[in-house]
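Trainee: Structure incoming, see below.
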Amino acid sequence: MDPTALVRQTIARLNAMRGHSFFMNAFYLMLATFVLAFGGFIFWAIVTRTYDASAVGVATTLISVSGLLSLLGLVGFDTALVRFLPRSPQKNSYISTSIIIVMAASAAISAVMASILPVILPELAVLHEPWAWASFVLFTTVCSVNTALLSIFLAYKSAKYTLAFNSILSGSKIALPLLFAHGNAMAIFILAGSAQLLSLICGLSWLWRTFKFRFVPRVDKSVLQQTKKFSLFMYVSSVLNLVPPTVLPLIIVGSLSSEYAAYYYIAFTIASALYTIAYASMQSVFAEGSHDQSALRAHIIKAAKIVGFVLVPVSLLTALLSYIPLAFFGAGYVAHATPLLQLFAVGAVPVALYSGLGAVFKVTKNTTGILAMNITYATAILGLSVLLISQFALVGVGIAWLAGNVAACIVGLFFVRSSNMTARNITVDT
C-alpha cells in the first residue's frame, strides 16, 4: 500500500475514534490509570530510597488495608452509580445519598478496624496513637468518596475528568515526599492520604461547576429501594475482587517479613499499570452498556481488540524485561521481586478476560455469575498463597495469582454460557 494512503487511512480511523464515546472514554481511562500508576511508581521510587524497607513494608500494609476498607465503605455504590445514575431523573439526590452513605459506612468500618488491627498485627502498633488512628479513619474515608466520585464521572461518560483527577493525585504524590522526606511508616501513609484529599477537593469542585451538582443533605429512600439488591451483590463481589491484593501483604508479613511485603507491593504496583489496559477497556464497556445494553456485544469486541493489540505485546515485554522497572527501587527489589513481576505480567491476559466477564455481568445484572466468579477468584488466590508461600516465598504468591484468575475465568465463562442457553440474556430492570 502507498505510504501516503496508509497515513491518510490511519488519520481517518483516528478521527472516527475521536467521535466515538467508547474509544474516547477507554482512552481517557487508560491514560488516567497510567498517570496514576506513573505517579505511584515515582512516589514509591522516592520513598524506597528515603525510608528503610521495614518502614515501607508497614506503610504498604497500611495503605493496602486502607484500600480494602475504603472499598467496604462503598457498600456497592461505586458500581450502582455507573449502572443507575444515567437514567435517574433526580441525579442530585442520587449522588448526595450515595456520598452520605459512603462517608458514614467508611468512617465506621475504618474506625473499628483501626482499633483492631494493632491487636492482630503488632507491626501496626502505631495505630494505638490517637493521631495515627484519626489519620487512618480520615484518609480511608477520603479514599472511599474519591472512588465514588470517579464512578460518577464514568456514569456521565466523562472520563476526561478522571484523567484530570488522577493527574492532580499523581502530581501531589510525587511532590509531597520531596517536601517531607523523613519519618516512620505512618508518615508515608499520611503523604499518600494527603494527595487523596487534595484530589477530592478538586473533584467535588468539578462536579459542582460542570455537572451542576448541588448537595442534598438527606438520604433518599427511593435510591436505596432501587439499588439495594444490585448494590448488595456488587458490594460483595467488589470486596472479593480486592481482597487478594489487599490481604496478601498481611499474609506475606505474617509468613515472611515486612520487607517481602514491600517487594510484593512494588511488583504489584508495576503490574497494575499493565492491567489498566484491560480495566480501562472493560470499564468503558460497562459505562456504554449501562446506557445501551443492546450494543454490549459490539463494545466487547472493541475492547478485545484493544487488549489484543496493546496488552499482549506489552505484557510479554514486561515479563522479559521486568528487572528494568524494579531497578528504580533498588537492588533488593530486583533480587526478590523479579520472578513475581514476571508471573504478574503473564497473568495479564486472564486478568483481562476476568475484567471483561465482570463488565458483562454488571451490565446484564447477572449477580449470581459475578458472585460465583469472584468467590472462586478470592478463595483460589488466597488459599493457594497460604499453601505455597512457605515453600516458594513470593513466587508462590505469583503462581496463586495466575491460577486464581484462570479459575475465575473458567467459572465466569460457564455462567455466561449457561445464561445464554437458558435466557439469551438477563432481563434489565429500569
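The values are calculated or read from the model by the stated rules, or taken from the named source; none is laboratory data. This one's a predicted model, so the numbers in the text were calculated from it and none came from an experiment. Note that each Cβ is placed from the backbone with ideal geometry, even for glycine, and that neighbours are counted across all protein chains shown. The accessibility values were calculated without ligands, DNA or RNA, using every heavy atom of the protein model including side chains. Shrake-Rupley method; radii C 1.70, N 1.55, O 1.52, S 1.80 Å.
Trainee: Along the positive direction of the dipole of the chain (beta-carbon charges: Lys, Arg +1; Asp, Glu -1; about the Cα centre), which of Phe34, Ala155, Leu121 reaches farthest?
Mentor: Value: Ala155.
Trainee: Give me D for region 106-254 in µm² s⁻¹, whole number, from Stokes-Einstein with Rh from the Kirkwood sum over alpha-carbon pairs, 25 °C and 0.890 mPa s. Present the calculation step by step, with values, prior to reporting the outcome.
Mentor: Working: Rh = 17.6 Å.
The estimated diffusion coefficient comes to 139 µm²/s.
Trainee: Using only Cα atoms, locate the centre of region 42-78 and the centre of region 216-239, then give the distance between them in Å, rounded to an integer.
Mentor: Each part's Cα centre sits 27 Å from the other's.
Trainee: Let me ask something else about it. Would you work out the relative contact order for the chain, in percent, from Cα pairs under 8 angstrom that are 6 or more residues apart?
Mentor: Working: 617 pairs, mean separation 90.8, N = 430.
It comes to 21 percent, rounded to a whole number.
Trainee: A follow-up question, please. Going by average Cβ density within 10 Å per residue, which order do the peptides 85-98, 371-384 take, highest to lowest?
Mentor: 371-384, 85-98
Trainee: Do you know the relative contact order of region 84-238, to the nearest whole percent, from alpha carbon pairs under 8 angstrom that are 6+ apart?
Mentor: Worked out over region 84-238, it gives 33 percent.
Trainee: Could you check how many percent of all C-alpha pairs in region 74-146 are farther apart than 16 Å?
Mentor: 54
Trainee: Under a crude label model (7 Å from the Cα following the beta-carbon direction), how far is Leu224 from Lys212 in nanometres?
Mentor: For Leu224 paired with Lys212, the spin-label model returns 2.9 nm.
Trainee: Let me ask something else. Report the Rg/Rh value for the chain, based on alpha-carbon coordinates and the Kirkwood definition of Rh. Numbers along the way, then the final one.
Mentor: Values: Rg = 21.2 Å, Rh = 22.1 Å.
Radius of gyration over Kirkwood radius for the chain works out to 0.96.
Trainee: Sticking with this structure for a sec: Using Cα-Cα distances under 8 Å and only pairs 6 or more residues apart, what relative contact order does region 169-297 have, in percent? Each step should come with its number before you reach the end.
Mentor: Working: 30 pairs, mean separation 14.9, N = 129.
Result for region 169-297 is 12 percent.
Trainee: Hey, can you rank 44-51, 359-366, 214-221 by average C-beta count inside 10 Å, highest first?
Mentor: Most protected by this proxy first, the peptides run 359-366, 44-51, 214-221.
Trainee: For the chain, report the accessible area per residue in Å² (1.4 Å probe, heavy atoms, rounded to an integer).
Mentor: Using a 1.4 Å probe on heavy atoms only, each residue of the chain averages 42 Å².
Trainee: Same structure, new question: If the viscosity is 1.567 mPa s and the temperature 4 °C, what Stokes-Einstein diffusion coefficient in µm²/s follows for region 306-430 when Rh is the Kirkwood radius over Cα pairs?
Mentor: The estimated diffusion coefficient comes to 81 µm²/s.
Trainee: To continue, here is another question. How big is the C-alpha Rg of region 229-311 next to the rule-of-thumb value 2.2 N^0.38 Å, as a ratio? Intermediate values should be presented prior to the final figure.
Mentor: Values: Rg = 16.9 Å, N = 83, 2.2 N^0.38 = 11.8 Å.
So the Cα radius of gyration is 1.43 times the expected 2.2 N^0.38 Å.
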